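**Q** Take this structure first; my questions come after.
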Amino acid sequence: MRRTIILTIAIMFGLTAFSKGYKVGDKASGFNLLNVDGKMVSLENYGEANGFIVIFTCNHCPFSVAYEDRINELNSKFSSKGWPVIAINPNDSTIVPGDSYSNMQIRTKEKNFTFPYLLDADQSIAKTYGATRTPHVYVLQKEDRDLIVKYIGAIDDNHEDPDRVRARFTEEAVDALIADKTPNPEFTKAIGCTIKYSK
């Protein structure tokens with residue numbers, strides 16, 4: 001009985017620690033991660049950017065696969081306006097071999113990704129941000145020298161059929177920020193596969 005109680009407390013503590021992450025309004029940290037082209041990418045590389053659409057995604061998850069074209073479209077629409085997409089694969093490839101770095105490179109070529117696709121090898125960035133799903137979106141806006149979280153959640157309200165989307169959460173959030181307005185909603189529930197954390 002005592003062992004069960006201790007185990008339950010440990011699990012609850014772990015879930016609580018994992019669920020912290022960022023909330024809307026928080027200051028986000030930058031990162032320096034390996035891109036599929038073999039180069040390191042930092043948000044500091046984008047000196048002219050007004051903000052970023054950071055999307056935790058991967059190769060194998062059917063939700064992520066369903067959104068690949070839409071992620072490309074987001075980058076196509078917003079990168080020229082100073083809001084580039086930065087995709088990050090947070091999955092442990094020893095758990096999901098399909099999400100290995102080499103497979104990220106293959107997938108990038110197959111889908112002609114127009115955005116950086118970075119590997120969060122030690123999963124520290126996903127943990128810091130509080131990402132739990134693929135895909136999971138964090139829209140960050142530059143304010144002076146800080147990056148402020150302005151939207152967290154899903155890309156839109158229909159992963160199955162882009163023609164039946166009624167609410168384009170991420171797109172509408174960035175459009176609002178460009179218009180100097182507050183995104184509405186600022187938070188939605190991310191729908192997708194659970195991130196495969198090593199521990």
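**Q** Dipole magnitude of the chain about its Cα centre, charges +1 at Lys/Arg Cβ and -1 at Asp/Glu Cβ only, in debye to the nearest 20?
**A** On the way: 24 positive and 25 negative charges, 157 e Å.
I would put it at about 760 debye.
**Q** Residues with beta-carbon under 9 Å from that of ASN59, excluding ASN59: net charge, scoring Lys, Arg +1 and Asp, Glu -1? Can you show the working numbers first?
**A** Working: positive: ARG107; negative: ASP99.
Taking every other residue near ASN59 into account, the sum is 0.
**Q** Scaled to the compact-protein estimate 2.2 N^0.38 Å, what is the alpha-carbon radius of gyration of the range 33-91, rounded to two decimal places?
**A** Here the answer is 1.15, to two decimals.
**Q** Per residue, how large is the accessible surface of the chain? Use a 1.4 angstrom probe and give square angstrom.
**A** 54 Å²
**Q** Let's test the formula: R0 of 35 Å, r as the Cβ-Cβ distance of ASN158 and LYS81. What FRET efficiency results, to the nearest 0.05?
**A** It comes to 0.90.
**Q** Related question: Residue by residue through the range 77-90, what is 3J(HN,Hα) from phi via Karplus (6.51 cos²θ - 1.76 cosθ + 1.60, θ = phi - 60°)? Round to whole Hz and write x for glycine and proline.
**A** With coefficients 6.51, -1.76 and 1.60, one gets 6, 9, 4, 5, 9, x, 10, x, 7, 10, 8, 10, 9, x Hz.
**Q** Still on this model: Check the chain for me: any Cys whose beta-carbon has no other cysteine beta-carbon within less than 4.7 Å?
**A** Cysteines lacking a close Cβ partner in the chain: CYS58.
**Q** How would the range 85-141 be classified by its alpha-carbon gyration tensor: rounded, prolate or oblate, with rounded meaning a/c under 1.5 and the a/b versus b/c comparison settling the rest?
**A** The shape class here is oblate.
**Q** Could you work out Rg/(2.2 N^0.38 Å) for the chain, with Rg from alpha carbons only?
**A** That ratio works out to 1.02.
**Q** Of all the accessible heavy-atom surface of the range 71-157, with the other protein chains kept in place and a 1.4 Å probe, what percent is carbon and sulfur?
**A** Ligands and nucleic acids excluded, carbon and sulfur give 46 percent.
**Q** While we're here: Could you pull out every residue, at least 5 positions away or on a different chain, whose amide H is within less than 5 Å of the one on TRP83? Hs are placed 1.01 Å off N in the peptide plane, and Pro or chain starts have none.
**A** Long-range HN contacts for TRP83: ASN50.
**Q** For the range 134-147, what does the Karplus curve 6.51 cos²θ - 1.76 cosθ + 1.60, with θ = phi - 60°, yield as ³J(HN,Hα) per residue in whole Hz, taken in order and with x for Gly and Pro?
**A** Per-residue couplings from phi come out as 10, x, 9, 9, 10, 8, 10, 10, 6, 10, 6, 9, 9, 10 Hz.
**Q** Could you order peptides 148-157, 58-67, 162-171 by the average number of other Cβ atoms within 10 Å of their residues, highest first?
**A** Numbers: 148-157: 22.5, 58-67: 20.6, 162-171: 15.1.
Most protected by this proxy first, the peptides run 148-157, 58-67, 162-171.
The values are calculated or read from the model by the stated rules, or taken from the named source; none is laboratory data. Keep in mind that this is a model prediction, so the values were computed, not measured. We place every Cβ from the backbone using ideal geometry, glycine too, and count neighbours over all the protein chains shown. Accessible surface is based on the protein model in full, side chains and every heavy atom, while ligands, DNA and RNA are left aside. Shrake-Rupley method; radii C 1.70, N 1.55, O 1.52, S 1.80 Å.
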